[in-house]
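Enquirer: Quick one: the structure is below, questions incoming.
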Amino acid sequence: MAWTLGIVIGGMTLLWIGWNLTLDALWQPTDPITMKRLLHLSEIQPGERLVDLGCGDGRFVVAAARDFGAIATGFEIDPFRVLFAKVWIWLARLSDRAKVVRRNMYEVDVSDADVVILFLSATSNFRLQKRLREQLRDGARVVSYYHPMWGWQPDMVGKARDGYPIYVYRMGDSLGKVSR
C-alpha cells in the first residue's frame, strides 16, 4: 500500500512539474526584502488597487494588503498555488481586502488597477503590453521585477536585494497609450 501511494504521489508530482515547465513564466518566490522594495517603488497607497499577474503563492497580495492597506488581487493559473494563497490570506485575516483567483493572466481585466505587479518572463511581459496599454488609466503604475517592458521608458529603475533591476512605469502618453 505504501509503495502504491508513493508511486501515485510521485507520478502526480512529476506531472505537475512537467505542466509548470510548459507555462510562460516559472515560479520563483521573491525574497521578502525585494518584495518590500518593489512595493515601496510602486508607491501603493492605502485603498489603492493592486493586481499581481501570475501571483504564485500570493506573497505580494498578502504584503500589499497587510503592510500597505491596498486592495490586492492576484491571478494565478496553478490550482495548487491558488489554494495555498487562499489559505494564507485566510490565516492572515485579510479576506476583506486580498484575494487570489485561478485565472489565465492573459485574459483578466486590469482596468481598475492602480498598480500591476509583474515577475514573469520577457515573453510574458511582451504578451501583456498591449492589454496593459489599452486597459490601464493614466497614472497607473506597472512594476516589473527583472524583465523590462519592451519599448517602454521606465520612470525609475530600482534594485532588488540581489542587484537585479526593478522597473517602474507610469501609464500615460509616453508609453504610447491607446485611446479608448
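Enquirer: Identify the residue in the stretch 130-157 that is in contact (Cβ under 8 Å) with a residue 60 or more places away in the chain and either over 15 Å from residue 30 (Cα atoms) or acidic (Asp, Glu) (or both) and, among all such residues, is surrounded by the most Cβ atoms within 10 Å (Cβ to Cβ).
Expert: 141
Enquirer: Continuing with this model, one more query. Look through 102, 180 and report the one residue that is modelled with pLDDT of 95 or more and touching a helix residue (DSSP H, G or I) at 6+ places or on another chain (Cβ under 8 Å).
Expert: After ruling out the rest, the residue left standing is 102.
Enquirer: When residues of the stretch 29-42 are filtered for being surrounded by fewer than 16 Cβ atoms within 10 Å (Cβ to Cβ) and either in contact with a strand residue (DSSP E or B) (Cβ under 7 Å, 6 or more places away or on another chain) or outside any loop (DSSP other than H, G, I, E, B) (or both), how many remain?
Expert: Going through the stretch 29-42 one residue at a time, the tally reaches 4.
Enquirer: May I pose another question? Quick one: in the stretch 78-129, which of the residues that are among the small types (Gly, Ala, Ser) and without any contact (Cβ under 8 Å) to a residue 60 or more places away in the chain is surrounded by the fewest Cβ atoms within 10 Å (Cβ to Cβ)?
Expert: Result: 95.
Enquirer: To continue, here is another question. Could you tell me whether residue 53 is at pLDDT below 95 and either aliphatic (A, V, I, L, M) or surrounded by 14 or more Cβ atoms within 10 Å (Cβ to Cβ) (or both)?
Expert: Spelling it out, it is not the case that residue 53 is at pLDDT below 95 and either aliphatic (A, V, I, L, M) or surrounded by 14 or more Cβ atoms within 10 Å (Cβ to Cβ) (or both).
The values are calculated or read from the model by the stated rules, or taken from the named source; none is laboratory data. Computed from a prediction, not measured in an experiment: that's the story for all the values here. Cβ coordinates were reconstructed from backbone atoms using ideal geometry, including for glycine residues, and neighbour counts include every protein chain displayed.
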